[in-house]
Amino acid sequence: MNLPNKITIFRVIMIPFFVIFMLVPGIPYSNIIAEVIFIVASLSDMVDGRIARKYNLITDFGKFMDPLADKLLTCSAFICFVEKGLLPAWIVIIIISREFIISGFRLIASDNGIVIAASMWGKVKTTFQMIMCVLLILHLDNPVYHVFELIFIYGALILTVVSLIDYLVKNKGVIKSYK
C-alpha cells in the first residue's frame, strides 16, 4: 500500500476519535481536540492528493477511498452538529442527499468508462463546508462569531445546491448513456 492510500486510511481512522471528542460530554478541551482532529484530517486530504499526483501513485483504491473518506468525515461532522443543536437537520439532509446523488452519478459514469472530474463549484462548496465545520466545532459564544457561522452555513447550503445543479447539467449525458 502506497503513502497516499495510507494517509487516506489514517483519515478514516481519525473519524471515530473526532466523533468521540464532539459528542462525549465531560472530556476536557474536547472541542479543541475535535477541532485539531478535523483540521488534520481535512489537510491530509490535500496532502495525499498532492503526493499521489506528484509521484504518480494514483490507484483504484485511492480513487474510491479518498472521496469516500472525505464524505465520511464531513457527514460525521454534520450529524454531530445536528446532535449538538448547531445545525438544523434539514440542511444536513440536503447536503448529504447531494453527496449521494453525485456518488450515484459517478458510479453510473464509471460503469460507462467516463471519469467525471470535480468542478470549480464543487471545490468552492467543499471549502465552504470545511470552514463551516471548523467554525461550528469551536462554536465560540460571540455574536460576531455567530454571524460568520451563519454566513458559512447558508453559503455552504447554497453552494451545495448550485454545485449539484451545475453537476447535473454538465453531466446529463451520463444518464442518457446509461443502459
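Rule-based calculations on the coordinates, nothing more; no lab input. From a predicted model like this one, the values you see are computed outputs, not experimental measurements. Cβ atoms come from the backbone with ideal geometry, glycine included; neighbour counts cover every protein chain shown.
Residue separation of Lys170 and Lys123 scaled by 0.36 nm, minus their Cα-Cα distance, works out to 15.4 nm of gained length. For the chain, the Kirkwood hydrodynamic radius from C-alpha pairs, put into Stokes-Einstein at 20 °C and a viscosity of 1.002 mPa s, yields a diffusion coefficient of 124 µm² per second. With the cut-off at under 19 Å, measuring from each backbone N in the range 1-35 to a point 7 Å along the Cα-to-Cβ line of Asn142 picks out 29-35. Helices in the chain, meaning DSSP H runs of at least 4 residues, each add -39500 (n - 2.57). Divided by all residues, the mean residue ellipticity at 222 nm is -28000 deg cm²/dmol.
For the pair Lys63 and Ile39, label points projected 7 Å from Cα toward Cβ lie 3.4 nm apart.
Helices assigned as whole DSSP H runs in the chain whose Cα atoms extend at least 20 Å along their own long axis and whose mean Kyte-Doolittle hydropathy is 1.6 or higher are found at 3-23.
So which chymotrypsin sites (Phe, Trp or Tyr not before Pro) in the range 11-52 pass both tests, a DSSP loop state and at most 11 other Cβ atoms within 10 Å of the Cβ?
Here the chymotrypsin sites (Phe, Trp or Tyr not before Pro) that fit, given the DSSP loop and packing criteria, are Tyr29.
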